[in-house]
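This report refers to the structure that appears directly beneath it.
The values are calculated or read from the model by the stated rules, or taken from the named source; none is laboratory data. Keep in mind the model is a prediction, meaning the values are calculated, not measured. Here the Cβ positions follow ideal geometry from the backbone for every residue, glycine too, while neighbour counts run over all protein chains shown.
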Amino acid sequence: MKSITRKYALTAFLIVIILIGFVVVARTIRKQVPLSTEQARQLGPKDAPVRMIVYSDFQCPACKIALDPLHKLMDEFPNLIQIGFKYYPIERAHKNALLAAQFAECAGAQGKFWAFHDRLFSEQAYWSAEDRAVSIFAGYARELDLDLTALRDCATHPAVIERIRRERTEGAAIGVRSTPTFFIGERMVAGGDQLAAEGSTIVREELKKFGIDS
């Protein structure tokens, strides 16, 4: 009986050590991957003291829902937060997520990323399961007065697809496991519920680092 108890105790100890190892590795990797908005699609002042990275999937229902607490946070701290949007399409579950990201990225090349972003999320239920998503996205592009030929050429370019998938790989490397995932400074916030519950507190903590009370 004692040998069995020791065996279980040793197993439990090893599991704890492994879990601690995972946490340490994740934190180390996160520090090695710069959490910067510079290469992301930006919203908010360039000189804002607080940087927030959003890893999102246009076909993800939770990402659409999380826009509400995100907008409330931006309204609560006007001109103090800059958002950087990064792609994290979950291709196995969301068949049109990568394509949506391709069109959004190329709308951004024509200065309309955020307008296309908003349209994709507002119409998410309509295009998510469609086999004709390309024609739907082309319709959005026309409504936004985008150059459709340039948009299509851009969206099918291998470099665009590579960039989107590279951002997803980067996100996975720093601990992103689901969408949406936010980083406020280096603090990870998983999902809209946690953002709604803790976002204000985290932003205030970040602002204090700059001597700003809000």
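A few comments on the model shown:
- Among the candidates K86, K31, residue that is at pLDDT below 95 and closer than 21 Å to T169 by Cβ: K31
- None of L151, L207 is over 21 Å from the mean Cα position of the chain (by Cα) and crowded, with 21+ Cβ neighbours inside 10 Å except L151.
- When E167 is tested against the conditions (1) more than 11 Å from V50 (Cβ to Cβ); (2) assigned to a loop (DSSP other than H, G, I, E, B), the lone failure is (2).
- All conditions but one from (1) of a type in the set (V, I, T); (2) over 15 Å from the mean Cα position of the chain (by Cα); (3) surrounded by fewer than 17 Cβ atoms within 10 Å (Cβ to Cβ) apply to I90; the one that does not is (2).
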